[in-house]
Amino acid sequence: MKIKGLVLLLLLIFLVPAVAGCSNPAGSGSSKAEDLKLGLIPVEDNFPFFVAEKEGLFTKAGLKVELVPFNSARDRDLALQSGSIDGEVADIVATALLRKGGTPVKIASLTMGATPAEGRFALLAGPGANISSPGQLQGRTVGISENTIIEYVADGLLREGGVDPAAVQKLPVPQIPERLQLLLGGRLDAALLPDPFASLAAQKGARVILDDTQIKRNLSQVVLIFREEALQQKKPAIKKLLQVYTEAANLITRNPSAYRELFIEKARIPAELKDTYLAPHYSPPQLPRREEVAAVMDWMVAKKLLAAPYKYEELVDPDLVNPGGNNR
């Protein structure tokens with residue numbers, strides 16, 4: 001019995017430290033607190049993340065970031081709702097709808113849209129529509145994606161042009177390529193399109209009637225959002241991610257030609273524009289303005305998409321960008 005007791009004691013002496021070492025992943029390179037999954041669709045808004053991946057910036061920052069591709073915003077949002085990804089690049093309308101649907105998410109930062117010049121949307125008339133001014137849109141068909149940032153921007157542009165949004169015939173066409181083809185084919189009088197599709201439509205004969213980069217009011221913001229549990233558990237990693245994003249955006253600004261082929265591939269730039277369409281400017285990390293969020297909330301309440309507006313603090317995490325920097 002004494003021998004058995006001695007054996008057990010020796011086993012405990014050797015096994016306990018080993019078990020303790022295995023149960024503490026903190027500080028290891030594979031720590032889950034440093035792992036992030038981002039859901040991205042193939043649009044120009046997400047391009048700095050692909051540059052960061054190409055240049056190995058995530059690894060240099062001590063992060064393990066998986067860029068999970070999706071072909072549609074719907075599939076991306078479903079993945080966020082299920083918890084399959086930690087965050088995504090979206091907009092304020094989508095953020096509020098996700099929260100309304102029971103997925104607790106918050107905005108970590110803007111990625112585009114700090115000024116009206118960033119993230120172009122245009123309201124274009126079809127080649128044969130005989131429309132040259134905003135007033136001529138009254139009573140005409142306008143292709144949109146209903147209850148999304150597309151409709152929000154369309155309404156804002158129409159008002160900027162002195163047109164009541166209720167005075168046009170909005171037709172829901174959710175898929176952007178289909179909306180473009182209906183416009184060029186004469187089945188829509190006008191349509192709201194983001195770049196690069198707005199540029200392609202203009203190249204093919206559509207006429208730009210209103211352009212949100214040419215107005216004083218800032219209508220559209222692209223935002224990086226995360227599930228609240230990720231914000232609570234992985235905040236240091238998300239802060240590092242924003243620093244990496246800034247570094248990648250600066251690389252694009254300094255030498256866009258170095259990433260030209262990657263941009264054409266990842267943003268799915270149409271072949272007709274591959275030699276002429278340029279990568280946009282990307283904002284440094286900062287918070288959306290309170291008035292920008294409030295304007296979206298007011299529109300969503302008026303559209304009965306929300307029963308009441310979310311408070312700024314319910315939609316925005318204020319702790320991820322430098323208070324002394326660009327957040328406002």
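The values are calculated or read from the model by the stated rules, or taken from the named source; none is laboratory data. Bear in mind the structure is a predicted one, so any value in this text is a computation, not a measurement. Ideal geometry is used to build each Cβ from the backbone, glycine not excepted, and the neighbour counts take in all protein chains shown. Note: accessible area is taken over every heavy atom of the protein model, side chains too, but ligands, DNA and RNA are not part of it. Shrake-Rupley method; radii C 1.70, N 1.55, O 1.52, S 1.80 Å.
Computed quantities for the displayed model
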quantity: Members of region 63-84 that are in a helix (DSSP H, G or I) and either under 22 Å from Ser145 (Cα atoms) or open to solvent by less than 40 Å² (accessible area, probe 1.4 Å) (or both); calculated: Ala73, Arg74, Asp75, Arg76, Asp77, Leu78, Ala79, Leu80, Gln81
quantity: Test: residue in region 288-310 that is under 16 Å from Ala52 (Cα atoms), assigned to a helix (DSSP H, G or I), touching a residue at least 40 places away in the same chain (Cβ under 8 Å) and open to solvent by 10 Å² or more (accessible area, probe 1.4 Å); calculated: no
quantity: Region 246-283 - residue that is among the β-branched types (Val, Ile, Thr) and either under 21 Å from the mean Cα position of the chain (by Cα) or within 16 Å of Glu53 (Cβ to Cβ) (or both) and, of those, surrounded by the fewest Cβ atoms within 10 Å (Cβ to Cβ); calculated: Thr253
quantity: Test: residue in region 314-327 that is within 27 Å of Ala154 (Cα to Cα) and either part of a helix (DSSP H, G or I) or without any contact (Cβ under 8 Å) to a residue 40 or more places away in the chain (or both); calculated: yes
quantity: Residue in region 116-132 that is over 25 Å from the mean Cα position of the chain (by Cα) and among the basic types (Lys, Arg) present; calculated: no
quantity: Residue match in region 26-45 (condition: over 30 Å from Val223 (Cα atoms), touching a Ser or Thr at 6+ places or on another chain (Cβ under 7 Å) and modelled with pLDDT under 50); calculated: no
quantity: Whichever residue in region 134-188 is touching a Leu at 6+ places or on another chain (Cβ under 8 Å), open to solvent by 40 Å² or more (accessible area, probe 1.4 Å) and among the hydrophobic types (A, V, I, L, M, F, W, C) and, among such residues, is farthest from Leu305 (Cα to Cα); calculated: Ile176
quantity: Exclusive hit being touching a helix residue (DSSP H, G or I) at 6+ places or on another chain (Cβ under 6 Å), within 21 Å of Arg290 (Cα to Cα) and of a type in the set (A, V, I, L, M), set Val93, Val51; calculated: Val93
quantity: Count of residues meeting criterion [open to solvent by 10 Å² or more (accessible area, probe 1.4 Å) and either touching a strand residue (DSSP E or B) at 6+ places or on another chain (Cβ under 6 Å) or on the phi > 0 side of the Ramachandran plot (or both)] in region 110-133; calculated: 4
quantity: Region 268-285: number of residues that are under 22 Å from Leu219 (Cα atoms) and either modelled with pLDDT of 95 or more or aliphatic (A, V, I, L, M) (or both); calculated: 2
quantity: Near pairs, Cβ below 7 angstrom, 6+ apart or cross-chain, from region 209-232 (within 30 Å of Ala129 (Cβ to Cβ)) to any residue that is open to solvent by less than 20 Å² (accessible area, probe 1.4 Å) and among the polar types (S, T, N, Q); calculated: Asp212/Ser220; Val222/Thr111
quantity: Complete set of residues in region 89-117 that are among the basic types (Lys, Arg) and assigned to a helix (DSSP H, G or I); calculated: Arg99, Lys100
